[in-house]
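Here is the structure we will look at.
The values are calculated or read from the model by the stated rules, or taken from the named source; none is laboratory data. Only a predicted model underlies this, so the values are computations on that prediction, with no experimental measurement involved. FYI the Cβ positions are ideal-geometry reconstructions off the backbone, even for glycines, and counts take in every protein chain you see.
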Amino acid sequence: MDLKQTLKALLVGFCFGFGLTWLLAIIIPFTMGTNNIGQFLRDCGGDIFSTAIFIAFLMSLFWLIGAASGHKRRKREALEEEMREYFRQQNEKSE
């Protein structure tokens, strides 16, 4: 993976984790029966923000690992395809 792909994976993972945390922070109080969502977010905003940063960091690492393994798999598949093509050509020459 080059630098551009790495940074893209980190950014996407960070945004996904951060957004998911805040989305859950808005949805979960509704399921608990909180009447004033604004007051809840104001009271717990610092905790939610720090949790969002932590989860965003974890998600960016997971996203980076997933992107790197996908890139490695694509390279391996391309190499296997080149090897099959090479051996097919060798078999045609020997026949």
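Quick rundown of the values:
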| read-out | value |
| --- | --- |
| Filter result for residue 24 (part of a helix (DSSP H, G or I), in contact (Cβ under 8 Å) with a residue 24 or more places away in the chain and aliphatic (A, V, I, L, M)) | no |
| Residues (small (Gly, Ala, Ser) and either in contact with a Lys or Arg (Cβ under 8 Å, 6 or more places away or on another chain) or under 19 Å from residue 14 (Cβ atoms) (or both)) located in the stretch 58-95 | 60, 66, 67, 68, 69, 70 |
| Residue 48 being at pLDDT below 85 and more than 23 Å from residue 3 (Cα to Cα) | no |
| Members of the stretch 18-45 found to be among the hydroxyl-bearing types (Ser, Thr, Tyr) and at pLDDT 85 or above, listed by number | 21 |
| Scope the stretch 1-55; condition under 17 Å from the mean Cα position of the chain (by Cα), polar (S, T, N, Q) and loosely packed, with under 14 Cβ neighbours inside 10 Å; matching residues | 5 |
